[in-house]
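One structure is given here, and the rest of the page talks about it.
The values are calculated or read from the model by the stated rules, or taken from the named source; none is laboratory data. Keep in mind it's a predicted model, so treat the numbers as computed, not measured. Quick reminder, even Gly has a Cβ in these numbers, built from the backbone with ideal geometry, and neighbours come from all protein chains shown.
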Amino acid sequence: MQRSLAGVREEIDRAEREEAEAAGRLEAARIEHAEQTAVREELGSDPRLKNFADAQRYAEQAEQAAAHAGRAAERAEKARTERLARRDKAAEAAERSAADIVEAHVPAADAAGRAGIGDRHAAIPRPVRRGHPGRGRARDRAAGRRPCRGTGEAGTG
């Protein structure tokens, strides 16, 4: 009798769990039904969707607009990638040019020293600036640097 009573209790516990799960599923189904009813009523009240053909046409237009936007986004991403590659290539070329200038500066400075114009020559090469070419001129004048003859770049002298 004890064993059958324990078995009955287990059956009751299992049935209660199943009943709670079923009640949860029933509540979820009621919520989903209410949501679907609300959507149906909302769509039914839209005059554009009263006619199935119109609704289908609007859906096709929306699909075409989405496809067009997707293609535009792809073109923009491709242009962005190409511009980044060109910018990186230009930055590398600028760095190579700056390195070439620095490398050429040593023999030029030696020759300038032998010619008697040493210090003035040393002010000409400088790191390449990024940005607008005229942006640093006011700053150079404020620091007391005057443009070098022939280059227009700020120098010491």
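So that you can scan it fast, the table gives a plain yes or no per residue for (1) modelled with pLDDT of 90 or more; (2) surrounded by fewer than 10 Cβ atoms within 10 Å (Cβ to Cβ); (3) not polar (S, T, N, Q):
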position: 2; (1), (2), (3): no, yes, no
position: 9; (1), (2), (3): no, no, yes
position: 14; (1), (2), (3): no, no, yes
position: 21; (1), (2), (3): no, no, yes
position: 27; (1), (2), (3): no, no, yes
position: 51; (1), (2), (3): no, no, no
position: 58; (1), (2), (3): no, no, yes
Mind checking whether some residue in region 37-56 is under 35 Å from the mean Cα position of the chain (by Cα), assigned to a helix (DSSP H, G or I) and among the charged types (D, E, K, R)? no
